[in-house]
Amino acid sequence: MNQTSDRADVAIIGGGVIGLAVARALALRGVRDILLIERNSLGGESSRAAAGMLAPQAEANRAHEFFDLTCRSRDMYPAFAAALLAETGIDIELDTTGTLYLGFTDADELELERRYQWQSQAGLPIVKLSSAGVRELEPSINEEVRGALKFPLDTQVENRRLLNALVAANEKLGVRLETGTTVNGLRVERDCLTGIETSRGFIATDSVVIAGGAWSSLLSAGDKALPDLRIKPVRGQMLCFEPHPALARHVIYSPRGYLVPRRDGRMLAGSTTEHAGFDKQVTAAGVHSIMTAAVEISPQVALLPLTDSWAGLRPRAADTLPVLGPCAEIAGVYYATGHYRNGILLAPITGEVIARAIVDKVFPESLGIFSPDRFGLVAVG
Ligand SMILES: Cc1cc2nc3c(=O)[nH]c(=O)nc-3n(C[C@H](O)[C@H](O)[C@H](O)COP(=O)(O)OP(=O)(O)OC[C@H]3O[C@@H](n4cnc5c(N)ncnc54)[C@H](O)[C@@H]3O)c2cc1C
């Protein structure tokens, strides 16, 4: 092994959208020596596999701290996209056409009505559409649709361009991005972090951010117990088509799946929710279930050539909520993980919250529900 001795003011474990967003936010706040360590390639895991939907309202059944967090992050996106464009010249294709949510069955209609009631009473922008109304917006939608909701503020980004932009922004800001290196564990002395053990040797640091996605619970800290997050990988498969001409302009959901039209002409269809360990294969059963949902939304999908498919591992904590903020047990350890279905959506706010926690030593009480301290402790090893 090539033993190197090194030091960083802040080390970040994981080069997905979350690690990259945290690194950039820290650099913008003036932190000098930031080292981000990625085992494989930057943005090569769940963040690359995602659909890029920024759709808190389309997915929410009730008001909750998590809903507030997702809406706040969605609303940061226009400024985030503009800043990344200015910093890097890369357009992350923030598309503001809006999101449609379709109902086909009695149960779907009930769900739509409930969502419409609580969100309109809460003063959120939401529009109820008849079958004819939604087909006027998107003529390719199945004529059996019974009705729909439109969420004008729920949008999408091209997450692969977002990853490219975050990498470029970090490079410009002088963040050290080290790929092909694995972090094996944290070194802790008397309840304080002293550094991290990596495949290339020990790196001394006072602050580490755990942004390891679905692998975040595998890190150990010697004899010292860490919060028992029980992060598990949840596989999501995705299909990609190239319709000519385009089939849709909006992101279109049903309770069983979604279609996401991209600016370059591709159209994504997703997804599955599977507990298959760290296996990222696309399976016949996965393709079948995505196709069934996609064809229900628009029967024309059945005739399109399938041009690509992939799968990614969503990082899901034991209670499905993200894990954000400092660890009370070990000074210098911060968590930014467990973003499950919403890591692209939550990237801007996660960057801000973690950078503030490290630089200003401020972690808002209102975010206590996401703290790693909500879990008990467990020794990994
Ligand atoms: C099919 C699918 C569709 C999705 N659609 C959406 C969507 O529309 N909108 C949305 O907001 N979210 C979506 N998501 C969820 C989103 O992709 C994730 O929440 C997000 O990517 C998590 O980002 P991350 O940086 O935490 O994890 P990742 O992108 O998985 O990155 C973690 C990185 O850490 C590295 N790593 C782990 N352990 C170590 C270690 N010990 N040493 C060094 N490196 C390490 C890994 O190699 C990896 O690159 C989707 C996910 C999937 C799979």
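The values are calculated or read from the model by the stated rules, or taken from the named source; none is laboratory data. All figures in this text were calculated on a predicted structure; none of them were measured in a lab. Using ideal geometry, Cβ is built from the backbone for each residue, glycine included, and neighbour counts are taken over all protein chains shown. These accessible areas exclude ligands, DNA and RNA; they are computed on the full protein's heavy atoms, side chains included. Shrake-Rupley method; radii C 1.70, N 1.55, O 1.52, S 1.80 Å.
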The stretch 306-326: number of residues that are more than 20 Å from the chain's Cα centre (by Cα) and either within 15 Å of the ligand (Cβ to nearest atom) or at pLDDT below 95 (or both): 1
Top-ranked residue of the stretch 228-270 - restricted to ones that are of a type in the set (A, V, I, L, M, F, W, C) and away from the ligand (no atom under 16 Å from the Cβ), ranked as least open to solvent (accessible area, probe 1.4 Å): LEU247
Counted residues, the stretch 63-89 - those being β-branched (Val, Ile, Thr) and more than 16 Å from THR350 (Cβ to Cβ): 1
Residue tally, condition out of contact with any Pro (no Cβ under 7 Å at 6 or more places or on another chain) and assigned to a strand (DSSP E or B), over the stretch 219-228: 5
Criterion: crowded, with 20+ Cβ neighbours inside 10 Å and touching an Asp or Glu at 6+ places or on another chain (Cβ under 9 Å) - qualifying residue of ALA165, ALA221, ALA225: ALA165
Residue within the stretch 138-155 that is in a helix (DSSP H, G or I) and modelled with pLDDT of 95 or more present: no
Residues of the stretch 40-77 satisfying the condition of being within 7 Å of the ligand (Cβ to nearest atom), open to solvent by 20 Å² or more (accessible area, probe 1.4 Å), in a loop (DSSP other than H, G, I, E, B) and in contact with an Asp or Glu (Cβ under 9 Å, 6 or more places away or on another chain): GLY44
Restricting the stretch 89-134 to residues that are of a type in the set (Gly, Ala, Ser) and surrounded by 15 or more Cβ atoms within 10 Å (Cβ to Cβ), the residue that is farthest from the chain's Cα centre (by Cα): SER131
Residue count, the stretch 135-150 (criterion: open to solvent by 40 Å² or more (accessible area, probe 1.4 Å) and in contact with a helix residue (DSSP H, G or I) (Cβ under 9 Å, 6 or more places away or on another chain)): 4
Answer residue from the stretch 333-353, given it is among the polar types (S, T, N, Q) and under 26 Å from LEU193 (Cβ atoms) and is nearest to the ligand (Cβ to nearest atom) among those: THR337
Residues located in the stretch 189-218, provided they are part of a strand (DSSP E or B) and open to solvent by less than 30 Å² (accessible area, probe 1.4 Å): LEU193, GLY195, ILE196, THR198, GLY201, ILE203, ALA204, SER207, VAL208, VAL209, ILE210
